[in-house]
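Let me begin by presenting the structure, written as C-alpha cells, before commenting on it.
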Amino acid sequence: QVQVVESGGGLVQPGGSLRLSCVASGSIFTIYTMGWYRQAPGKQRELSATITNEGRTNLADSVKGRFTISRDNVKKTVHLQMNNLNAEDTAVYYCLVNVKSYSGGPIKGYWGQGTQVTVSS
C-alpha cells in the first residue's frame, strides 16, 4: 500500500502565500508524475500543477505566475508554493502520486486526504 499525506493548508489573507507539502510512503518502487489538484465548494476537482519525475512541470492557466511546483525524489515529496493568493484559490487541495510498487508492476494513482486552503480577509 501507498500512503499520501498533505500538509501546509490554512487561512491566509488575500495577497498572502502558503506552501503545501505532500509526502508519499509505503510500497514504492518508482514515483512518476506527482501533482496538486483542488476542489472548491460546489465545483469539480481540477488540476493545479503537475511535475514529472524528470522535473517537467505543467500548471493550470489560473495559477501560472503565482504557483510553483517542485519535488524531492529522495524524500518522496512534492511541494506547491502558492503566492499572491486570492479568494478564488479557496479550495481543498489534494495531492496525487503515481506509483509503481514493484518492478514490472502497473502504475497506480494514489490520492491524499486533502488540505484546506482558505483565502479571506
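A compact table of results
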read-out	value
Leading residue by the ranking (nearest to ARG71 (Cα to Cα)) among those in segment 38-52 that are assigned to a strand (DSSP E or B) and open to solvent by less than 50 Å² (accessible area, probe 1.4 Å)	ILE51
Yes/no for GLU6 being of a type in the set (Asp, Glu), touching a residue at least 40 places away in the same chain (Cβ under 8 Å) and either open to solvent by 30 Å² or more (accessible area, probe 1.4 Å) or on the phi < 0 side of the Ramachandran plot (or both)	yes
Residue, most open to solvent (accessible area, probe 1.4 Å), within segment 79-113, restricted to residues that are of a type in the set (S, T, N, Q) and farther than 19 Å from THR57 by Cα	GLN113
Qualifying residue in segment 13-21 (condition: over 12 Å from the mean Cα position of the chain (by Cα) and among the hydrophobic types (A, V, I, L, M, F, W, C))	yes
Within segment 66-78, considering residues that are of a type outside the set (Lys, Arg) and either more than 15 Å from TYR37 (Cβ to Cβ) or at pLDDT below 95 (or both), the one most open to solvent (accessible area, probe 1.4 Å)	VAL74
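Residues checked against (1) assigned to a strand (DSSP E or B); (2) modelled with pLDDT of 95 or more; (3) out of contact with any Asp or Glu (no Cβ under 8 Å at 6 or more places or on another chain); (4) open to solvent by less than 50 Å² (accessible area, probe 1.4 Å):
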| residue | (1), (2), (3), (4) |
| --- | --- |
| PRO14 | no, yes, yes, no |
| TYR32 | yes, yes, yes, no |
| GLY35 | yes, yes, yes, yes |
| LYS64 | no, yes, yes, no |
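The values are calculated or read from the model by the stated rules, or taken from the named source; none is laboratory data. Note that the coordinates shown come from a computational prediction; the quantities given were computed from them, not determined experimentally. Positions of Cβ are generated from backbone atoms using ideal geometry, with glycine treated the same way; all protein chains shown enter the neighbour counts. Just the protein is used for accessible areas: all its heavy atoms, side chains included, with ligands, DNA and RNA removed. Shrake-Rupley method; radii C 1.70, N 1.55, O 1.52, S 1.80 Å.
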